[in-house]
1. Looking at ILE169, ALA214, VAL123, which one has the Cα that reaches farthest to the positive end of the dipole of the range 103-231 (charges on Cβ: Lys, Arg +1; Asp, Glu -1)?
2. Could you compute Rg(Cα) / (2.2 N^0.38 Å) for the range 103-175, with N its residue count?
3. Based on C-alpha coordinates, I'd like the Rg and Dmax of the range 80-231, in Å.
4. How far is it, in nm, from the label point at TYR109 to the one at ASP139 when both lie 7 Å from their Cα along the line to the Cβ?
5. Pick from PRO14, PRO187, PRO171 the residue whose mean-square fluctuation is largest in a GNM of the chain, springs joining Cα atoms under 10 Å.
6. When the Kirkwood radius is taken over all Cα pairs of the range 3-169, what Stokes-Einstein diffusion coefficient follows at 10 °C and 1.306 mPa s, in µm²/s?
7. When a/c reaches 1.5 or more, the comparison of a/b and b/c decides; with that in mind, is the range 61-119 rounded, prolate or oblate per its Cα gyration tensor?
8. For the peptides 134-144, 86-96, what is the packing order when you average, over each peptide's residues, the other Cβ atoms within 10 Å and list the highest mean first?
Amino acid sequence: MNSLSRLLPSKPTPFIFELGPHQLHISADRTIYWPAERALLLADLHLGKATHFRKHGVYVPGDVIQKELLRIETAILHHQPLAIYILGDLFHASYNAEWPLFVELMHQYAHLRWVLLKGNHDVLGRGTYEEAGFEVVDDRLMVHNVVLAHKPEAVAELSEDEFAIVGHIHPGYTLGAKGLPGKVRMPCCWLSGRRLVLPAWGSFTGLDIVQAKAGDHLFLLTENAVWPHKV
């Protein structure tokens, strides 16, 4: 047993929903677990961003990467996947000292299948990702009838029996009564028709408030819970 497993908080209770015929679990850790595939899906980690900002004179706490790596390992130990799909923007910019720290974590879980669907921020050379242990996908990947991609534009057209899971947007939602103080901006997972947009997994990322339409489902994420909301 990994020594970390004895120190973990209790496993978060997921909210279970369906994307067509596929049952998915969303947890407060901002991951999607796909039980039938034993797969963990996450998007927009933006690792390396803290170091990138510090290099350009912006103050960022020095322990960001340690906390992010601990979150990844905790999710692996909680969900026990066989595969991890990262739907783009794994690493924020050019190579820096955070990359080898992440690769070290990958090598601790080398028995897992690691798949990277490249995002617009993933500018490291393809060989760098492959050497770390990733299968690299440049555009989109079909898993059964579910299309995985980074940008929503890559799944703009779906056949009648296809569904899609994407990232890129960093979806958020403003919770609170109109005109009243105390509104709260929250990360969310956004299900619109047959397209599911994952929340940005990285804690050092912003939010884009979604323009949800009637019938859409939002899964609002707090530190410890998932709150479903139908528009």
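1. Checked the options; the winner is ALA214.
2. 1.29
3. Using the Cα atoms of the range 80-231, the pair Rg, Dmax is 17.0, 53 Å.
4. So the two model labels end up 3.0 nm from each other.
5. PRO14
6. 95
7. The shape class here is oblate.
8. 86-96, 134-144
Read-outs throughout are calculated quantities, based only on the coordinates presented, and are distinct from any laboratory measurement. This one's a predicted model, so the numbers in the text were calculated from it and none came from an experiment. Don't worry about glycine lacking a Cβ; one is built from the backbone with ideal geometry, like all the others, and counts go over all protein chains shown.
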